[in-house]
Each structure stands twice: as C-alpha cells, then as structure tokens.
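All remarks here apply to the structure that follows.
A short reminder: the numbers here are calculations on the coordinates, not readings from a lab. As the structure is a computational prediction, the values presented were derived from the model and not from experiment. Positions of Cβ are backbone-derived with ideal geometry, glycine not excepted, and every protein chain shown enters the neighbour counts.
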Amino acid sequence: MSYTINVNGSPHTVDVEGDTPLLWVLRDSLDLKGSKFGCGMGLCGACTVHINGTPVRSCITPVSAVGTSNVTTIEGVGASETGKRVQDAWLKVDVVQCGYCQAGHLCRCATYMRIRAAIKQAAGLPITDSREV
C-alpha cells in the first residue's frame, strides 16, 4: 500500500504495508538513519521521533497511524533556530560518539562533560570547567 508521510517538513510517498513500523520506513525507505533500533518494544527510546511535537517510539508506531501528522527525526532538528544552535554546538564540542544517549539514554561513551559544554555554548553561556571541553 502507498502512504504519504510528512517527514522533516517534506512529503514522502512510500510503498509499504500499513503495519510496518515507522522506524523501518524512516531507515529503509527514506534512508534516515538517525533513529536507531534498540529494543523493538518501545522501551529504550533509541527510535524516538517527534510526531506533531510529541516524542513517540517509532519502532512500535505503524506507518498507517502517522496520517497527515508532522514527523521530525534527529536529522530535522536543525530546521529551527534553537535546534540549529544545539546541533552546531554538539558538532563543535564533538559531543556525539555513538549517538545512543541522544534519545533519552544514559551515555555509554562518557561524554557528559561535552554535553554540558555544548548546552552552555548553544545558550551563549561561558564554559567555566576545563573538563567540559
């Protein structure tokens, strides 16, 4: 069946079964690899996307449930001014390694100090702890 979904501000038509999880539509049909597969049961949060501004687990959300809603993935975060500042700071401070903690997880790479530094940079605040860079 054919579905047209609005992802990161653009319409995309995909030919998939209605019960296909949104995660696989994003990753396999649209080549948006930012949302990750974790548990497959909506528990871990690695697959989190926003639908009309509300975080949802895309691994348990069938594409047929999306309808005309607006889906925002991590790739689309930079479309807003605030999101762009945060993305730029994340990149400048080299926060992300595996990306696992970007969806509500505890960081496995121990980048918490860089995360704090990037948040301060995005907010225009001075970095006061040398361990944050």
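Tabulated results
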| item | result |
| --- | --- |
| Three semi-axes of the equivalent ellipsoid, the stretch 2-77, Cα gyration tensor, whole Å, largest first | 16, 14, 11 |
| Net lengthening on full extension, E81/R116 (0.36 nm per residue, minus Cα-Cα) | 10.7 nm |
| Residue with peak Gaussian network fluctuation, the chain [Cα springs, cutoff 10 Å], from A118, A65, A89 | A65 |
| Size of charge dipole - the chain - debye, nearest 20, with Cβ of Lys, Arg +1 and Asp, Glu -1, no other charges | 560 |
| Amide H contacts under 5 Å for G45, placed H, 5+ residues apart | C39 |
| Cβ crowding within 10 Å averaged over residues, with 54-61, 28-35 ranked highest first | 54-61, 28-35 |
| Angle in degrees between helix 81-93 and the longest Cα principal axis of the chain, rounded to the nearest 10 | 60 |
| Calculated percent of Cα pairs over 22 Å apart (choose from (1) 46; (2) 35; (3) 41), label | (3) |
| For P62, net neighbour charge (Lys/Arg +1, Asp/Glu -1) across residues whose Cβ lies under 10 Å away | -2 |
| Selection from L22, G9, A46 lying farthest towards where the dipole of the chain points positive, charges on Cβ | A46 |
| Helix-only mean residue ellipticity at 222 nm for the chain, each DSSP H run of n ≥ 4 adding -39500 (n - 2.57), per residue, nearest 500 | -6000 deg cm²/dmol |
| Normalised contact order of the chain, rounded percent, pairs of Cα under 8 Å and 6 or more residues apart | 21 |
| Packing rank of 77-83, 40-46, where each peptide gets the mean count of other beta carbons within 10 Å, highest leading | 40-46, 77-83 |
